[in-house]
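Reading through the structure tokens given below for one structure.
The values are calculated or read from the model by the stated rules, or taken from the named source; none is laboratory data. The structure presented is a predicted model; accordingly, all values stated were derived computationally and were not measured. Positions of Cβ are generated from backbone atoms using ideal geometry, with glycine treated the same way; all protein chains shown enter the neighbour counts.
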Amino acid sequence: MTTTAPDGALVDSATQPETRGIELIDDSARHGRARDLFAVWAAPSVNVLALTIGASMILLGLELWQAILVIVAGSVPWIFTGIIAVSGPAAGTSGSVITRAMFGFRGNKVVQAFMGWLVAAVFLALNWLAAAFLGAGLLAQFGVSDPVLVPILITLVVAAVTVLIAVYGHGLILRAYPAIAIVLIAIFLVVTAFILPHVDWAYRPAEPLQGVPLWSAITIGFAILASGPLSYMNSPDMSRYLPRDTKPSHIIAATALGGALPQTFFTIVGALLATAVGSAMDAGLEGALLALLPAWLAPLFVLGVVINTVALNGMTTYSSSLTLQAIGVPIRRIPAAVVVGAIGAALTIYLALSTSLLDAVNLMLQFLILVSAPIMAIFVIDVISRRGRYNGEDLFDGRPGGRFWYTAGWGLPGVLAFVAGVCTSALFVSTTVWTGPISEALGYIDLSVPVALVVAASVYAGLQRTRLGGKGRP
């Protein structure tokens with residue numbers, strides 16, 4: 001189905017660029033079903049980062065069964081991603097606009113300028129980095145091993161295709177991702193079949209962790225795992241074209257299960273992979289994995305990684321282009337997508353030449369949680385308290401006195417809750433670069449995720465009931 005803007009331009013076609021940005025979507029232009037969202041989230045969730053993160057659970061010192069339990073627990077936050085997706089059809093605009101209801105017009109610009117770019121940069125870079133490392137590893141087997149030129153060329157090619165996906169936008173994502181999901185699941189299942197014979201099912205670390213060190217590893221692992229679903233605040237962008245009367249429960253289920261099921265499965269496969277390759281992982285997980293695969297499968301797997309990278313980063317770039325418009329940058333959505341892609345490619349090239357994949361993934365995801373978890377908590381509380389009801393016109397009324405103008409354009413309940421969540425969670429985080437004082441006192445136990453969620457949610461829910469909530473309160 002194709003819909004048109006008032007000027008007759010195609011806005012949701014799989015074969016032409018989407019011209020609509022954050023503008024409200026009229027009921028006549030709504031289409032699709034909630035179940036379509038399952039494949040939209042499954043395609044980007046079948047990725048090599050899942051294998052990498054799963055392997056890192058073993059590197060933290062966990063036994064195999066412990067790693068699997070932490071991985072399953074880390075998939076629970078996908079429910080939050082599903083809950084906020086409900087706001088998309090209700091408001092008929094992007095998530096970066098809907099958050100004006102929480103932070104006010106001016107406050108939202110600050111939060112989105114920081115968070116929107118941070119999430120985009122981190123996930124664009126991490127996924128392109130995975131493709132660059134694996135592609136370079138594969139080409140090295142054929143004698144092409146320039147450590148500088150090869151990662152740069154791979155990054156630039158993948159980035160260009162990714163931006164093209166973002167330019168065509170929602171229509172292409174909705175129609176292409178089901179096929180992409182099927183192809184990726186098939187490739188990764190074949191790869192899994194070659195990993196399983198090498199798995200050490202009785203794996204135990206030489207010195208099993210106990211007591212505080214064990215809880216430190218468990219909580220750090222959970223923080224890394226939870227950072228993924230807690231950062232997907234763009235789920236309303238994917239659901240905004242759905243008819244207004246789409247059942248919220250269906251939206252939540254399709255979004256949460258689409259992301260959680262494949263990601264959980266292949267993250268567990270990553271943990272199994274770590275027991276299979278053992279010390280060979282020290283030289284790079286990507287090389288150790290390729291060594292397990294037959295010659296005919298390695299190129300197919302790298303192709304799957306590239307396809308997934310394009311799928312995930314295409315979605316991220318698309319949402320980031322909407323964020324640029326939401327914060328007031330005078331740029332159309334398509335040029336905005338190009339700008340986002342260029343910044344992500346530059347960061348990827350820097351990381352590819354200066355770090356390893358495992359180090360980059362773990363460190364960046366742990367820091368990302370400091371800002372993504374509080375915003376997700378605030379968003380979820382807002383959706384629940386409003387029972388998923390948003391008036392799109394109010395979200396675009398930026399005049400003083402408007403419903404979401406709040407205090408001089410600042411939604412103080414949301415802004416203060418965000419600051420409180422970030423500051424308190426920073427006290428409980430444990431990374432190789434920064435360890436919060438409370439985490440250090442507890443023996444490097446990382447409670448940044450639950451602290452960020454509880455503090456931000458509590459402060460926001462409490463302040464919204466006061467005068468600070470003004471006319472914008474639920």
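Observations on the model:
- Residue within the stretch 184-203 that is at pLDDT below 95, in contact with an Asp or Glu (Cβ under 9 Å, 6 or more places away or on another chain) and of a type in the set (D, E, K, R) present: no
- Some residue of the stretch 218-228 being under 21 Å from A373 (Cα atoms), at pLDDT below 95, buried (at least 24 other Cβ atoms within 10 Å of the Cβ) and in contact with a strand residue (DSSP E or B) (Cβ under 9 Å, 6 or more places away or on another chain): yes
- Residues in the stretch 171-201 that are farther than 17 Å from V46 by Cα and without any contact (Cβ under 8 Å) to a residue 40 or more places away in the chain: P197 only.
- Residue under evaluation A276, criteria (1) surrounded by fewer than 24 Cβ atoms within 10 Å (Cβ to Cβ); (2) touching a helix residue (DSSP H, G or I) at 6+ places or on another chain (Cβ under 7 Å); (3) at pLDDT 95 or above; (4) over 17 Å from V76 (Cβ atoms), criterion not met: (3)
- Flag if T255 is part of a helix (DSSP H, G or I), among the hydroxyl-bearing types (S, T, Y) and closer than 30 Å to Y444 by Cα: no
- The set of residues in the stretch 141-153 that are assigned to a loop (DSSP other than H, G, I, E, B) and hydrophobic (A, V, I, L, M, F, W, C) comprises F142, V144, V148.
- Considering the stretch 154-250, the qualifying helices (runs of 4 or more DSSP H), each wholly inside and each with 2 or more residues that are among the aliphatic types (A, V, I, L, M), run over 170-195, 211-231.
- Inspection of the stretch 174-190 identifies at least one residue that is surrounded by fewer than 23 Cβ atoms within 10 Å (Cβ to Cβ) and under 30 Å from I378 (Cα atoms).
- Restricting the stretch 1-42 to residues that are outside any loop (DSSP other than H, G, I, E, B) and modelled with pLDDT under 70, the residue that is nearest to V167 (Cα to Cα) is L10.
- Scanning the stretch 425-457 for residues that are part of a helix (DSSP H, G or I), of a type in the set (S, T, N, Q) and either out of contact with any helix residue (DSSP H, G or I) (no Cβ under 9 Å at 6 or more places or on another chain) or in contact (Cβ under 8 Å) with a residue 40 or more places away in the chain (or both) gives S425, S448.
- Residue ID - surrounded by the most Cβ atoms within 10 Å (Cβ to Cβ), chosen from residues in the stretch 386-414 that are more than 24 Å from the chain's Cα centre (by Cα) and in a helix (DSSP H, G or I): P413
- The set of residues in the stretch 402-453 being among the β-branched types (V, I, T), modelled with pLDDT of 95 or more and in contact with a Gly (Cβ under 7 Å, 6 or more places away or on another chain) consists of V415 alone.
- Taken over the stretch 458-469, the criterion of being among the polar types (S, T, N, Q) and either assigned to a helix (DSSP H, G or I) or at pLDDT 95 or above (or both) is satisfied by S458, Q464.
- Residues satisfying the criterion are present in the stretch 41-54 (criterion: surrounded by 24 or more Cβ atoms within 10 Å (Cβ to Cβ) and over 19 Å from N313 (Cα atoms)).
- Test for A417: is it surrounded by fewer than 21 Cβ atoms within 10 Å (Cβ to Cβ) and in contact with a Pro (Cβ under 9 Å, 6 or more places away or on another chain): no
- T267 in contact with a helix residue (DSSP H, G or I) (Cβ under 6 Å, 6 or more places away or on another chain), surrounded by 24 or more Cβ atoms within 10 Å (Cβ to Cβ) and modelled with pLDDT of 95 or more: yes
- Yes/no for L273 being touching a His at 6+ places or on another chain (Cβ under 9 Å) and more than 25 Å from I378 (Cα to Cα): yes
- Filter pass, P208 being more than 17 Å from L60 (Cα to Cα) and surrounded by fewer than 20 Cβ atoms within 10 Å (Cβ to Cβ): no
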